[in-house]
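This report concerns only the one structure given below.
The values are calculated or read from the model by the stated rules, or taken from the named source; none is laboratory data. None of these values were measured; they are calculated from a predicted model. Positions of Cβ are generated from backbone atoms using ideal geometry, with glycine treated the same way; all protein chains shown enter the neighbour counts. We work out accessible area using only protein heavy atoms, side chains counted, and drop any ligands, DNA or RNA first. Shrake-Rupley method; radii C 1.70, N 1.55, O 1.52, S 1.80 Å.
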Amino acid sequence: MQRFGNIPITGALDEATLELLKRKRCIFPDITSNISANHISRTKRYKLTGLKWKKNDLTWGVKNYTKKMSTRRQFEIFARSFALWSEPTTLNIRYESNPARVDILIGFYRGAHGCSKNFVFDDKEDIVGHAYFPGEGLGGDVHLDDDEDWVDRDEEAINDKIQLFGTFLHEVGHSLGLAHTPVSGAIMYPYYFAIPENFQLPYDDKLGIRALYGVRTANMPRPWMPPHMPTWWTKSPTTTQSVRPKRLPDLCFTSFDAVVEIRSEIYFFKGKEPVVIHYFFYSLPKKIEHIDAVYMRPNGKELVFFTGANYLIYNIEDDSKPVHPRPLTSLGFASNVDKIDAAMIWGYNEKTFFFKGSQYWRFDEKSMRVEADYPRDMAFWKGLPTNIDAAFTWSRNGLLIRRFNC
Ligand SMILES: [Ca+2]
Ligand SMILES: [Ca+2]
Ligand SMILES: [Ca+2]
Ligand SMILES: [Zn+2]
Ligand SMILES: [Zn+2]
(Lines give C-alpha, C1' and ligand atoms only; values in the text may rest on other atoms or scores of the structure.)
(Ligands and ions follow the chains in the order given, each with its own letter.)
Protein backbone atom coordinates (compact mmCIF):
# COMPACT_ATOMS: atom_id res chain seq x y z
CA MET A 1 0.00 0.00 0.00
CA GLN A 2 2.80 2.36 0.82
CA ARG A 3 4.33 1.98 -2.60
CA PHE A 4 1.03 2.54 -4.29
CA GLY A 5 0.33 5.75 -2.43
CA ASN A 6 2.89 7.69 -4.52
CA ILE A 7 5.03 8.77 -1.60
CA PRO A 8 8.75 8.20 -1.05
CA ILE A 9 9.54 4.58 -0.33
CA THR A 10 11.61 4.46 2.83
CA GLY A 11 10.83 0.97 3.99
CA ALA A 12 9.19 2.32 7.12
CA LEU A 13 6.10 4.33 7.87
CA ASP A 14 7.34 7.89 7.62
CA GLU A 15 5.33 11.01 8.35
CA ALA A 16 3.93 11.37 4.85
CA THR A 17 2.62 7.81 5.01
CA LEU A 18 1.05 8.35 8.39
CA GLU A 19 -0.75 11.44 7.18
CA LEU A 20 -2.17 9.44 4.30
CA LEU A 21 -3.20 6.52 6.47
CA LYS A 22 -5.32 8.76 8.63
CA ARG A 23 -7.52 9.57 5.72
CA LYS A 24 -10.29 7.28 4.68
CA ARG A 25 -9.32 4.92 1.98
CA CYS A 26 -11.41 3.20 -0.65
CA ILE A 27 -11.98 -0.52 0.04
CA PHE A 28 -11.28 -1.40 -3.58
CA PRO A 29 -8.19 -3.68 -3.74
CA ASP A 30 -4.99 -2.36 -5.29
CA ILE A 31 -4.76 -4.94 -8.00
CA THR A 32 -1.50 -3.47 -9.26
CA SER A 33 0.24 -3.33 -5.88
CA ASN A 34 2.57 -6.21 -6.68
CA ILE A 35 4.23 -4.30 -9.51
CA SER A 36 7.76 -3.16 -8.74
CA ALA A 37 8.38 0.43 -7.69
CA ASN A 38 10.58 0.91 -10.71
CA HIS A 39 7.81 -0.09 -13.06
CA ILE A 40 5.32 2.17 -11.32
CA SER A 41 7.53 5.21 -11.70
CA ARG A 42 7.83 4.69 -15.44
CA THR A 43 4.09 4.34 -16.00
CA LYS A 44 2.69 6.58 -13.34
CA ARG A 45 -0.80 7.04 -14.65
CA TYR A 46 -4.37 5.70 -14.52
CA LYS A 47 -5.01 1.94 -14.22
CA LEU A 48 -7.74 -0.06 -15.90
CA THR A 49 -9.56 -2.98 -14.31
CA GLY A 50 -9.69 -4.88 -17.58
CA LEU A 51 -13.48 -4.66 -17.60
CA LYS A 52 -15.62 -2.16 -19.45
CA TRP A 53 -19.23 -1.66 -20.49
CA LYS A 54 -19.99 -3.17 -23.89
CA LYS A 55 -22.37 -0.32 -24.73
CA ASN A 56 -22.11 3.46 -24.71
CA ASP A 57 -25.64 4.24 -23.50
CA LEU A 58 -25.87 3.51 -19.79
CA THR A 59 -28.50 4.24 -17.15
CA TRP A 60 -28.18 5.17 -13.50
CA GLY A 61 -30.79 5.00 -10.78
CA VAL A 62 -31.23 5.12 -7.03
CA LYS A 63 -32.36 2.26 -4.78
CA ASN A 64 -32.49 4.52 -1.74
CA TYR A 65 -31.16 7.88 -0.60
CA THR A 66 -29.49 8.67 2.70
CA LYS A 67 -31.60 10.68 5.16
CA LYS A 68 -28.54 12.76 6.07
CA MET A 69 -28.77 15.09 3.06
CA SER A 70 -31.59 16.49 0.96
CA THR A 71 -32.73 14.11 -1.76
CA ARG A 72 -32.53 16.88 -4.31
CA ARG A 73 -28.84 17.53 -3.58
CA GLN A 74 -28.04 13.82 -3.70
CA PHE A 75 -29.73 13.60 -7.10
CA GLU A 76 -27.73 16.61 -8.33
CA ILE A 77 -24.45 15.18 -7.03
CA PHE A 78 -25.12 11.85 -8.76
CA ALA A 79 -26.11 13.57 -12.01
CA ARG A 80 -23.07 15.87 -11.90
CA SER A 81 -20.73 12.93 -11.28
CA PHE A 82 -22.03 10.98 -14.26
CA ALA A 83 -21.79 14.10 -16.43
CA LEU A 84 -18.18 14.71 -15.34
CA TRP A 85 -17.18 11.16 -16.26
CA SER A 86 -19.08 11.02 -19.56
CA GLU A 87 -18.23 14.52 -20.83
CA PRO A 88 -14.65 13.69 -21.97
CA THR A 89 -15.66 10.40 -23.57
CA THR A 90 -18.35 8.75 -25.69
CA LEU A 91 -20.54 7.52 -22.83
CA ASN A 92 -24.11 8.72 -22.35
CA ILE A 93 -25.36 7.97 -18.86
CA ARG A 94 -28.96 8.96 -18.22
CA TYR A 95 -31.22 8.74 -15.18
CA GLU A 96 -33.75 5.88 -15.19
CA SER A 97 -36.47 5.73 -12.56
CA ASN A 98 -37.26 2.03 -13.02
CA PRO A 99 -34.59 0.12 -10.99
CA ALA A 100 -35.12 -2.98 -13.16
CA ARG A 101 -33.70 -1.12 -16.15
CA VAL A 102 -30.75 0.50 -14.37
CA ASP A 103 -27.11 -0.37 -15.12
CA ILE A 104 -25.55 1.60 -12.27
CA LEU A 105 -27.76 1.31 -9.18
CA ILE A 106 -26.91 3.49 -6.18
CA GLY A 107 -27.84 2.58 -2.62
CA PHE A 108 -26.99 3.35 1.00
CA TYR A 109 -26.50 0.37 3.32
CA ARG A 110 -25.30 -0.47 6.81
CA GLY A 111 -22.93 -3.22 8.01
CA ALA A 112 -23.43 -6.59 6.33
CA HIS A 113 -25.80 -5.80 3.50
CA GLY A 114 -25.78 -8.82 1.22
CA CYS A 115 -22.44 -8.21 -0.46
CA SER A 116 -19.54 -10.63 0.15
CA LYS A 117 -18.10 -10.75 3.67
CA ASN A 118 -15.06 -8.80 2.48
CA PHE A 119 -17.39 -5.96 1.62
CA VAL A 120 -19.15 -5.52 4.97
CA PHE A 121 -19.55 -1.88 5.99
CA ASP A 122 -18.00 -0.81 9.27
CA ASP A 123 -20.01 1.94 10.97
CA LYS A 124 -17.85 5.10 11.06
CA GLU A 125 -14.60 3.22 10.45
CA ASP A 126 -12.53 3.53 7.30
CA ILE A 127 -14.78 2.04 4.66
CA VAL A 128 -17.14 4.60 3.15
CA GLY A 129 -18.31 2.79 0.04
CA HIS A 130 -17.58 0.37 -2.74
CA ALA A 131 -18.46 -0.13 -6.36
CA TYR A 132 -18.65 -3.08 -8.71
CA PHE A 133 -16.86 -3.41 -12.03
CA PRO A 134 -18.90 -3.09 -15.22
CA GLY A 135 -21.14 -6.10 -15.79
CA GLU A 136 -24.61 -7.60 -15.38
CA GLY A 137 -26.58 -7.62 -12.11
CA LEU A 138 -24.54 -6.05 -9.32
CA GLY A 139 -22.04 -4.93 -11.96
CA GLY A 140 -21.53 -1.16 -11.92
CA ASP A 141 -23.56 -0.72 -8.72
CA VAL A 142 -22.39 1.74 -6.06
CA HIS A 143 -22.96 0.99 -2.36
CA LEU A 144 -22.37 3.70 0.23
CA ASP A 145 -22.05 3.26 4.00
CA ASP A 146 -25.15 4.85 5.57
CA ASP A 147 -23.46 4.94 8.98
CA GLU A 148 -21.13 7.67 7.74
CA ASP A 149 -22.03 11.31 8.31
CA TRP A 150 -22.58 12.32 4.69
CA VAL A 151 -22.27 16.03 3.92
CA ASP A 152 -22.70 18.18 0.85
CA ARG A 153 -20.06 20.91 0.62
CA ASP A 154 -16.31 20.42 0.86
CA GLU A 155 -15.96 22.86 3.77
CA GLU A 156 -18.44 20.78 5.79
CA ALA A 157 -16.29 17.68 5.35
CA ILE A 158 -14.32 18.11 8.56
CA ASN A 159 -13.63 15.70 11.41
CA ASP A 160 -15.18 12.41 10.40
CA LYS A 161 -17.81 13.84 8.09
CA ILE A 162 -17.60 12.45 4.57
CA GLN A 163 -18.41 14.43 1.46
CA LEU A 164 -20.78 12.58 -0.85
CA PHE A 165 -19.53 14.23 -4.06
CA GLY A 166 -15.84 13.37 -3.53
CA THR A 167 -16.69 9.79 -2.57
CA PHE A 168 -19.27 9.17 -5.24
CA LEU A 169 -17.25 10.58 -8.14
CA HIS A 170 -14.46 8.15 -7.18
CA GLU A 171 -16.78 5.14 -6.94
CA VAL A 172 -18.29 5.87 -10.35
CA GLY A 173 -14.79 5.61 -11.80
CA HIS A 174 -14.77 1.98 -10.63
CA SER A 175 -18.31 1.43 -11.98
CA LEU A 176 -17.03 2.47 -15.39
CA GLY A 177 -13.97 0.21 -15.29
CA LEU A 178 -11.12 2.24 -13.77
CA ALA A 179 -8.86 0.96 -11.00
CA HIS A 180 -6.85 3.12 -8.60
CA THR A 181 -4.22 5.46 -9.95
CA PRO A 182 -0.92 6.28 -8.23
CA VAL A 183 -1.31 9.92 -9.36
CA SER A 184 -2.17 12.02 -6.32
CA GLY A 185 -4.82 14.64 -7.04
CA ALA A 186 -6.62 12.35 -9.48
CA ILE A 187 -10.08 11.30 -8.35
CA MET A 188 -9.08 7.64 -8.75
CA TYR A 189 -6.33 8.05 -6.15
CA PRO A 190 -7.30 5.50 -3.48
CA TYR A 191 -7.58 8.05 -0.67
CA TYR A 192 -10.81 9.96 -0.29
CA PHE A 193 -10.67 13.75 -0.46
CA ALA A 194 -13.40 16.39 -0.52
CA ILE A 195 -13.84 18.41 -3.72
CA PRO A 196 -15.46 21.76 -4.52
CA GLU A 197 -18.80 22.10 -6.31
CA ASN A 198 -17.08 23.26 -9.53
CA PHE A 199 -14.59 20.37 -9.52
CA GLN A 200 -13.40 19.34 -12.97
CA LEU A 201 -12.22 15.85 -13.77
CA PRO A 202 -8.40 15.76 -13.40
CA TYR A 203 -6.24 15.02 -16.43
CA ASP A 204 -5.18 11.53 -15.36
CA ASP A 205 -8.83 10.49 -14.89
CA LYS A 206 -9.78 11.91 -18.30
CA LEU A 207 -6.98 9.91 -19.92
CA GLY A 208 -8.20 6.80 -18.12
CA ILE A 209 -11.84 7.06 -19.16
CA ARG A 210 -10.84 7.91 -22.74
CA ALA A 211 -8.59 4.84 -22.85
CA LEU A 212 -11.74 2.80 -22.17
CA TYR A 213 -14.40 4.57 -24.22
CA GLY A 214 -12.65 6.95 -26.63
CA VAL A 215 -12.90 10.71 -27.03
CA ARG A 216 -16.15 12.67 -27.30
CA THR A 217 -16.20 14.41 -30.66
CA ALA A 218 -17.37 17.98 -31.24
CA ASN A 219 -20.62 16.90 -32.89
CA MET A 220 -21.74 14.73 -29.97
CA PRO A 221 -24.16 16.51 -27.62
CA ARG A 222 -22.72 17.41 -24.22
CA PRO A 223 -24.14 15.57 -21.22
CA TRP A 224 -26.57 17.50 -19.05
CA MET A 225 -24.95 19.00 -15.96
CA PRO A 226 -27.03 20.32 -13.06
CA PRO A 227 -26.38 24.05 -12.53
CA HIS A 228 -23.97 24.92 -9.75
CA MET A 229 -25.52 26.09 -6.55
CA PRO A 230 -24.58 29.78 -6.47
CA THR A 231 -22.05 30.30 -3.70
CA TRP A 232 -23.96 33.20 -2.16
CA TRP A 233 -26.77 30.77 -1.53
CA THR A 234 -24.93 27.68 -0.36
CA LYS A 235 -22.65 29.59 1.98
CA SER A 236 -25.29 31.23 4.17
CA PRO A 237 -28.68 29.56 3.83
CA THR A 238 -29.67 30.31 7.42
CA THR A 239 -29.23 34.06 7.25
CA THR A 240 -31.68 34.78 4.47
CA GLN A 241 -34.54 35.61 6.80
CA SER A 242 -33.05 38.86 7.94
CA VAL A 243 -30.07 39.70 5.75
CA ARG A 244 -30.37 41.15 2.31
CA PRO A 245 -27.60 40.05 -0.05
CA LYS A 246 -25.03 42.82 -0.44
CA ARG A 247 -25.16 42.59 -4.18
CA LEU A 248 -27.15 40.68 -6.71
CA PRO A 249 -25.71 37.22 -7.19
CA ASP A 250 -23.86 36.66 -10.42
CA LEU A 251 -26.10 34.21 -12.18
CA CYS A 252 -24.48 34.86 -15.54
CA PHE A 253 -22.75 31.49 -15.42
CA THR A 254 -25.77 30.15 -17.21
CA SER A 255 -29.29 31.22 -17.98
CA PHE A 256 -32.51 29.81 -16.64
CA ASP A 257 -36.03 29.51 -17.92
CA ALA A 258 -37.56 29.80 -14.49
CA VAL A 259 -36.54 29.97 -10.86
CA VAL A 260 -38.57 29.44 -7.71
CA GLU A 261 -37.87 29.13 -4.01
CA ILE A 262 -39.71 26.27 -2.33
CA ARG A 263 -39.30 26.16 1.42
CA SER A 264 -35.77 27.55 1.49
CA GLU A 265 -34.53 25.55 -1.47
CA ILE A 266 -34.09 27.23 -4.84
CA TYR A 267 -35.11 25.30 -7.93
CA PHE A 268 -33.76 26.23 -11.33
CA PHE A 269 -35.45 25.19 -14.55
CA LYS A 270 -33.44 25.08 -17.71
CA GLY A 271 -34.25 23.88 -21.21
CA LYS A 272 -35.57 20.46 -21.98
CA GLU A 273 -34.78 18.71 -18.75
CA PRO A 274 -37.93 16.66 -18.30
CA VAL A 275 -36.04 14.10 -16.26
CA VAL A 276 -35.33 16.62 -13.59
CA ILE A 277 -38.68 18.35 -13.81
CA HIS A 278 -40.52 15.07 -13.48
CA TYR A 279 -38.22 13.73 -10.84
CA PHE A 280 -39.11 16.50 -8.44
CA PHE A 281 -42.63 17.22 -9.65
CA TYR A 282 -43.71 13.79 -10.70
CA SER A 283 -47.42 14.40 -11.12
CA LEU A 284 -46.80 16.94 -13.88
CA PRO A 285 -47.88 15.57 -17.27
CA LYS A 286 -44.99 13.73 -18.91
CA LYS A 287 -45.38 15.69 -22.14
CA ILE A 288 -44.18 18.90 -20.48
CA GLU A 289 -40.60 19.46 -21.56
CA HIS A 290 -39.90 22.99 -20.47
CA ILE A 291 -41.13 25.54 -17.98
CA ASP A 292 -41.41 29.21 -18.97
CA ALA A 293 -42.09 30.54 -15.51
CA VAL A 294 -43.01 29.34 -12.05
CA TYR A 295 -43.95 30.94 -8.75
CA MET A 296 -45.20 29.85 -5.35
CA ARG A 297 -48.65 31.16 -4.43
CA PRO A 298 -48.99 33.09 -1.14
CA ASN A 299 -50.46 29.97 0.53
CA GLY A 300 -46.95 28.46 0.37
CA LYS A 301 -48.10 25.14 -1.01
CA GLU A 302 -49.31 25.72 -4.56
CA LEU A 303 -46.76 26.12 -7.32
CA VAL A 304 -48.00 27.64 -10.55
CA PHE A 305 -46.09 26.41 -13.60
CA PHE A 306 -46.35 28.17 -16.95
CA THR A 307 -45.57 26.33 -20.17
CA GLY A 308 -46.50 27.93 -23.48
CA ALA A 309 -50.13 29.08 -23.50
CA ASN A 310 -50.98 26.90 -20.49
CA TYR A 311 -50.50 26.90 -16.75
CA LEU A 312 -50.71 24.17 -14.11
CA ILE A 313 -51.31 24.43 -10.38
CA TYR A 314 -49.24 21.92 -8.42
CA ASN A 315 -49.93 21.27 -4.75
CA ILE A 316 -46.60 20.29 -3.17
CA GLU A 317 -48.38 18.87 -0.11
CA ASP A 318 -50.59 16.58 -2.16
CA ASP A 319 -48.89 15.64 -5.39
CA SER A 320 -50.52 12.24 -5.75
CA LYS A 321 -53.17 13.41 -8.19
CA PRO A 322 -52.38 14.18 -11.82
CA VAL A 323 -52.18 17.87 -12.66
CA HIS A 324 -53.86 19.14 -15.80
CA PRO A 325 -52.88 22.12 -17.96
CA ARG A 326 -55.36 24.97 -18.30
CA PRO A 327 -55.26 27.81 -20.83
CA LEU A 328 -53.78 31.20 -19.88
CA THR A 329 -57.03 32.78 -21.08
CA SER A 330 -58.81 31.32 -18.04
CA LEU A 331 -56.59 33.59 -15.90
CA GLY A 332 -57.84 36.59 -17.87
CA PHE A 333 -54.95 36.85 -20.34
CA ALA A 334 -55.82 37.96 -23.87
CA SER A 335 -55.83 35.09 -26.33
CA ASN A 336 -52.76 36.45 -28.15
CA VAL A 337 -50.56 35.88 -25.08
CA ASP A 338 -48.89 32.65 -26.17
CA LYS A 339 -46.52 32.42 -23.17
CA ILE A 340 -45.13 34.46 -20.30
CA ASP A 341 -41.46 35.08 -19.48
CA ALA A 342 -41.46 35.17 -15.71
CA ALA A 343 -43.68 35.21 -12.62
CA MET A 344 -43.10 36.28 -9.05
CA ILE A 345 -44.55 37.76 -5.92
CA TRP A 346 -43.05 41.14 -5.21
CA GLY A 347 -42.01 41.27 -1.56
CA TYR A 348 -42.79 44.99 -1.33
CA ASN A 349 -46.56 44.65 -1.68
CA GLU A 350 -46.99 40.86 -1.76
CA LYS A 351 -48.68 41.13 -5.13
CA THR A 352 -48.21 38.61 -7.90
CA PHE A 353 -46.71 39.83 -11.18
CA PHE A 354 -46.32 38.22 -14.57
CA PHE A 355 -43.90 39.45 -17.24
CA LYS A 356 -43.68 39.12 -21.00
CA GLY A 357 -41.40 41.19 -23.22
CA SER A 358 -41.83 44.80 -22.12
CA GLN A 359 -45.22 44.17 -20.50
CA TYR A 360 -46.31 43.11 -17.06
CA TRP A 361 -49.54 42.09 -15.38
CA ARG A 362 -50.68 42.27 -11.78
CA PHE A 363 -52.62 39.24 -10.66
CA ASP A 364 -55.42 38.92 -8.10
CA GLU A 365 -54.84 35.70 -6.16
CA LYS A 366 -58.39 35.70 -4.75
CA SER A 367 -60.28 35.90 -8.02
CA MET A 368 -57.48 34.11 -9.93
CA ARG A 369 -57.65 36.74 -12.69
CA VAL A 370 -55.18 39.30 -13.96
CA GLU A 371 -56.35 42.72 -12.79
CA ALA A 372 -58.15 45.21 -15.00
CA ASP A 373 -56.01 47.80 -16.83
CA TYR A 374 -53.23 45.28 -17.43
CA PRO A 375 -50.86 44.62 -19.14
CA ARG A 376 -48.87 47.77 -18.52
CA ASP A 377 -45.51 48.83 -19.85
CA MET A 378 -42.46 47.95 -17.76
CA ALA A 379 -41.08 51.44 -18.36
CA PHE A 380 -43.28 52.21 -15.34
CA TRP A 381 -40.66 50.45 -13.22
CA LYS A 382 -37.65 52.63 -13.84
CA GLY A 383 -34.37 50.82 -14.28
CA LEU A 384 -35.87 47.39 -14.64
CA PRO A 385 -34.80 45.36 -17.64
CA THR A 386 -37.33 44.04 -20.12
CA ASN A 387 -37.35 40.60 -21.72
CA ILE A 388 -36.35 39.00 -18.46
CA ASP A 389 -35.84 35.27 -18.37
CA ALA A 390 -36.81 34.52 -14.82
CA ALA A 391 -37.68 36.20 -11.56
CA PHE A 392 -38.20 35.10 -8.04
CA THR A 393 -38.73 36.30 -4.53
CA TRP A 394 -36.06 35.34 -2.09
CA SER A 395 -37.33 34.49 1.38
CA ARG A 396 -39.95 37.24 1.09
CA ASN A 397 -37.08 39.59 1.56
CA GLY A 398 -37.64 41.82 -1.40
CA LEU A 399 -37.31 41.61 -5.08
CA LEU A 400 -34.59 39.66 -6.76
CA ILE A 401 -34.88 40.08 -10.46
CA ARG A 402 -32.33 39.87 -13.16
CA ARG A 403 -31.80 39.43 -16.82
CA PHE A 404 -30.28 36.03 -16.83
CA ASN A 405 -29.33 36.32 -20.49
CA CYS A 406 -26.58 38.78 -19.57
CA1 LIG B 1 -25.90 -3.11 -12.13
CA1 LIG C 1 -17.66 3.17 7.42
CA1 LIG D 1 -38.78 32.29 -18.42
ZN1 LIG E 1 -11.53 3.16 -5.04
ZN1 LIG F 1 -22.21 -3.69 -1.13
ask   = Got a number for carbon plus sulfur as a percent of segment 296-382's accessible area, 1.4 Å probe?
value = 48
Paramagnetic reach from Thr71 (point 7 Å along Cα→Cβ, amide N under 19 Å) across segment 283-302 = 283-286, 301-302
query = When ligands, DNA and RNA are left out and all protein chains stay put, how many square angstrom of accessible area per residue does segment 117-216 have with a 1.4 Å probe?
reply = 36
query = Going by average Cβ neighbours within 10 Å, how do the peptides 350-360, 54-64 rank, with the highest at the top?
reply = 350-360, 54-64
note = So, with points 7 Å from each Cα along the Cβ direction, the Glu136-Leu48 label distance in nm works out to 2.3
note = Most packed first (mean Cβ within 10 Å per residue), the peptides 125-132, 139-146 order as 139-146, 125-132
request  = Return the FRET efficiency for the residue pair Asn336, Arg297: r is the Cβ-Cβ distance, R0 is 30 Å, and the value is rounded to the nearest 0.05.
outcome  = 0.75
query = What pairs in Lys55/Lys206; Lys124/Lys206; Lys47/Lys117; Lys286/Lys339; Lys286/Lys351 have C-alpha atoms more than 23 Å from each other?
reply = Lys124/Lys206; Lys47/Lys117; Lys286/Lys351
inquiry  = Need the C-alpha centroid separation for segment 115-179 versus segment 320-381, integer Å.
reply    = 47
note = Note: Glu350 to Arg369 extended length (0.36 nm per residue) minus current alpha-carbon separation gives 5.3 nm
